[in-house]
Amino acid sequence: MLHRSFIKCFFKCQVLIHKQLVKRLIFIQIAWILSPEITKGTNYASTHNSQVTECVGTSYLLTRDLTDASPLMLSKGLGIEMSIAYTVATRPDAYVEIQNIISNGDTIRIGQSTALEIIDSCKFNPVQGSFLYSSQSPIEILLKFSDSNLSINSQGTWLAEKSNSGFKIIPLEGKLMIRGTSFTPGELIIISPNFTAIKSEIEIDLILLLQTSKLVNLFTNPLLRKNHILSAAQVQSLRMKKKYNAFVGDMSEAQKLRLWSFNPNKDSK
């Protein structure tokens with residue numbers, strides 16, 4: 001009886017593995033990469049104009065080619081072939097920057113412990129983690145989740161993070177539009193996993209964000225649109241001061257955010 005139960009369980013497992021083989025292997029490889037103990041990998045290069053321009057820590061590239069068992073380690077100066085879908089995965093404390101993904105001069109920066117599948121030059125599938133995208137020219141990007149796609153039209157720089165509750169996007173400068181709605185720099189856009197709900201009720205202090213975000217300030221070369229980002233942060237700071245009559249400061253010694261408020265109508269003594 002025990003033997004029959006074992007055989008029945010075995011064949012049931014084989015059917016599940018057969019149905020989800022590709023998906024399982026991809027996630028196994030990602031987990032293999034994100035593990036802190038990983039120290040091996042092989043280099044990857046091609047003649048495509050998309051190029052890794054900077055690596056901090058160790059990052060890998062995975063393809064859907066099941067005959068290639070080992071993830072491919074990325075390094076500065078290497079090209080990436082866009083003829084097949086691939087996933088860039090970073091270990092903890094690792095970051096990578098790639099240029100010319102969609103158009104010449106655009107930049108994507110991928111944060112630590114992140115897995116970002118690039119299905120084609122304009123379609124991304126954020127598996128987990130965060131990334132920054134910046135483009136000089138108008139671009140349309142499709143974000144994929146399950147069987148749904150979300151179109152993002154932008155010209156500028158924005159941050160995105162994938163979490164269990166969906167996506168979070170913050171435009172840093174320029175123009176960003178989702179489903180006909182335009183968002184201003186600093187707005188926190190929260191998107192449900194199936195893209196049915198999109199809302200923005202919180203505004204992020206861009207100056208504080210720029211000071212603390214490693215996707216912005218960790219890399220050696222500044223973003224091409226750095227001046228645009230600084231200008232947007234300054235404009236937002238003036239707008240917030242006028243709206244709330246308050247200055248947002250840095251962190252105190254007790255790790256609490258300082259907020260100074262004032263009343264312009266009150267006579268000073």
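Just a few scattered comments:
- Stretched out straight at 0.36 nm per residue, the stretch from SER113 to SER163 would grow longer than its current Cα-Cα span by 16.8 nm.
- When each of LYS162/LYS241; LYS123/LYS214; LYS175/LYS241; LYS123/LYS175; LYS162/LYS226 is checked by Cα-Cα distance, pairs over 27 Å: LYS162/LYS241
- Gyration tensor (alpha-carbon) shape descriptor, the stretch 131-210, a/c threshold 1.5: oblate
- Other-chain or far-sequence residues with amide H under 5 Å of SER163's (modelled H): LYS168
- Applying 0.36 nm per residue to the separation of LYS226 and MET177 and subtracting their alpha-carbon distance, the gain on full extension is 15.6 nm.
- A simple spin-label model places the labels of SER151 and VAL127 2.8 nm from each other, with each point 7 Å out along Cα-to-Cβ.
- GluC sites (Glu not before Pro) restricted to the stretch 182-223 and DSSP loop, no more than 11 other C-beta within 10 Å: none
- Computed label-point distance, nm, for sites GLN136 and LYS76 using a 7 Å Cα→Cβ extension: 2.2 nm
- Full extension of the chain between ALA85 and ASN194 gives 37.0 nm of extra length, using 0.36 nm per residue less the Cα-Cα distance.
- ILE110, ILE202 arranged by Cβ crowding within 10 Å, fewest neighbours leading: ILE202, ILE110
- DSSP-assigned coil residues among GluC sites (Glu not before Pro) in the stretch 74-168, each with at most 16 further Cβ atoms within 10 Å: GLU81
- Mean projected area of the Cα convex hull of the stretch 83-172, taken over all directions, amounts to 5.7 nm².
Values quoted throughout were computed directly from the atomic coordinates according to the rules given, and no laboratory measurement underlies them. It should be emphasised that the depicted structure is a prediction, and the values quoted were computed from it without experimental measurement. Note: ideal-geometry Cβ built from the backbone for every residue, glycine included; neighbour counts use all protein chains shown.
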